[in-house]
């Protein structure tokens, strides 16, 4: 099952995140094989926090030249977006409690991702929809570096929403087979 989960995430990463240029910083580390995809088999929050801690430690202990970022898939729990969103509070506390604040951060992606004040079918939600619940572990130094060299960083979310609004029904079926297949 891990192989299918990883394949689903690789498809999403290559075709959606990189293919649609939603994250202009993702292509280089992916091309250089510095993106780790890990699968958590946790079925409760404590076990998931332990898996998260192990991945944060692994990322922190590995030079950026070898590992830039980690995607931690959560296939056995947090299927409901409200539960996932609530869990993110524990993730933030975990990062702070273990001293990774300022070094590492966690971004969120989920199959049912919904931004506040949007309808569930709002195309903008597709920017953060992934085939599985994910925790994306990022290095803050790397983020600061790329952000310093990227013009008009504030335009990325609006540009990404426009891209999603411009997708045809066929594009959506191809890019998001878990949702539109």
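The values are calculated or read from the model by the stated rules, or taken from the named source; none is laboratory data. Remember, it's a predicted structure, so these values are computed and weren't measured experimentally. We place every Cβ from the backbone using ideal geometry, glycine too, and count neighbours over all the protein chains shown.
A few points about this structure:
- Within region 1-31, being more than 24 Å from residue 65 (Cα to Cα), in a helix (DSSP H, G or I) and touching a strand residue (DSSP E or B) at 6+ places or on another chain (Cβ under 9 Å) holds for 2, 5, 8.
Residue-by-condition table, conditions (1) modelled with pLDDT of 90 or more; (2) in contact with a helix residue (DSSP H, G or I) (Cβ under 6 Å, 6 or more places away or on another chain):
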residue	(1), (2)
137	yes, yes
141	yes, no
146	no, no
167	yes, no
173	yes, yes
179	no, no
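- Residue selected from region 32-55 under the condition out of contact with any helix residue (DSSP H, G or I) (no Cβ under 9 Å at 6 or more places or on another chain) and part of a helix (DSSP H, G or I), by the criterion surrounded by the most Cβ atoms within 10 Å (Cβ to Cβ): 55
- Listed by position, the strands (runs of 3 or more DSSP E) enclosed by region 66-175 that each have at least 3 residues that are in contact with a strand residue (DSSP E or B) (Cβ under 9 Å, 6 or more places away or on another chain), without any contact (Cβ under 8 Å) to a residue 40 or more places away in the chain and surrounded by fewer than 19 Cβ atoms within 10 Å (Cβ to Cβ) are 104-109.
- The set of residues from region 6-54 being touching a residue at least 40 places away in the same chain (Cβ under 8 Å), closer than 22 Å to residue 83 by Cα and more than 14 Å from the chain's Cα centre (by Cα) comprises 45, 49, 53.
- Looking across region 56-65 at every residue that is surrounded by 14 or more Cβ atoms within 10 Å (Cβ to Cβ) and assigned to a loop (DSSP other than H, G, I, E, B), the one that is nearest to the chain's Cα centre (by Cα) is identified as 64.
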